[in-house]
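Engineer: Starting off with a structure, shown below.
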């Protein structure tokens, strides 16, 4: 018959050996986690004026290529994957942009772009700004003023635009004031006067 006391010390020794083996394993795991922390989710950052100035140079190169009818200069700032949406809703690729630039007979064509904000997301950047596009129209020469959103991708150390969206800003004709309808105000919430509320209750 085995006495209970004869099993106590062997069990203690076995537990101590197991603990001695497990402690180094926990220590190694803790050091590994400390050396290789879980990567944090990228944060969208609004960058400073220095970055705005850097992307302004890219936008200037873009404008200069348009104004000088420079095919090579335009290809340097536009990605082969470019999707361009004009203010009129026309969707074109980089090849179409280059072809239009070469074939245009509009000698007055002139583009000026100004960066307002830049947001960086790793190798992707989003630029927002304003533009003025001088060109010929059926009614004569016009200055199309609007805002743009340009998405850039960094490849081989260079930023190239992969998506462009322009929205023209309407200008009211002097002397003519058109009453804006509720449908033209997407976030318009009608405010009822007290008398109108009383009518609805009656």
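The values are calculated or read from the model by the stated rules, or taken from the named source; none is laboratory data. On a predicted model such as this, the values are computed, not experimentally measured, just so you know. For neighbour counting, all protein chains shown are included, and Cβ atoms are generated from backbone atoms with ideal geometry for every residue, glycine included.
Engineer: Residues of the stretch 57-69 being assigned to a loop (DSSP other than H, G, I, E, B), touching a helix residue (DSSP H, G or I) at 6+ places or on another chain (Cβ under 9 Å) and without any contact (Cβ under 8 Å) to a residue 12 or more places away in the chain, which ones?
Structural biologist: None - no residue of the stretch 57-69 is assigned to a loop (DSSP other than H, G, I, E, B), touching a helix residue (DSSP H, G or I) at 6+ places or on another chain (Cβ under 9 Å) and without any contact (Cβ under 8 Å) to a residue 12 or more places away in the chain, so the list stays empty.
Engineer: What tally of residues in the stretch 116-132 results from selecting those that are under 22 Å from residue 89 (Cα atoms) and either touching a helix residue (DSSP H, G or I) at 6+ places or on another chain (Cβ under 9 Å) or at pLDDT below 95 (or both)?
Structural biologist: Residues in the stretch 116-132 being under 22 Å from residue 89 (Cα atoms) and either touching a helix residue (DSSP H, G or I) at 6+ places or on another chain (Cβ under 9 Å) or at pLDDT below 95 (or both): 3 in total.
Engineer: Could I ask something else about it? Within the stretch 82-97, take every residue that is in a strand (DSSP E or B) and touching a helix residue (DSSP H, G or I) at 6+ places or on another chain (Cβ under 8 Å) and give me the one that is farthest from residue 155 (Cα to Cα).
Structural biologist: 92
Engineer: Residue under question is residue 187, and the condition is that it be surrounded by 10 or more Cβ atoms within 10 Å (Cβ to Cβ) and either in contact with a strand residue (DSSP E or B) (Cβ under 9 Å, 6 or more places away or on another chain) or modelled with pLDDT under 85 (or both); does it hold?
Structural biologist: In short, no.
Engineer: Answer yes or no: is there a residue in the stretch 97-112 that is surrounded by 15 or more Cβ atoms within 10 Å (Cβ to Cβ), modelled with pLDDT of 95 or more and under 15 Å from residue 162 (Cα atoms).
Structural biologist: Scanning the stretch 97-112 turns up at least one residue that is surrounded by 15 or more Cβ atoms within 10 Å (Cβ to Cβ), modelled with pLDDT of 95 or more and under 15 Å from residue 162 (Cα atoms).
Engineer: Please indicate, with yes or no, whether at least one residue in the stretch 127-134 is exposed (fewer than 13 other Cβ atoms within 10 Å of the Cβ) and either closer than 17 Å to residue 85 by Cβ or in contact with a strand residue (DSSP E or B) (Cβ under 9 Å, 6 or more places away or on another chain) (or both).
Structural biologist: no
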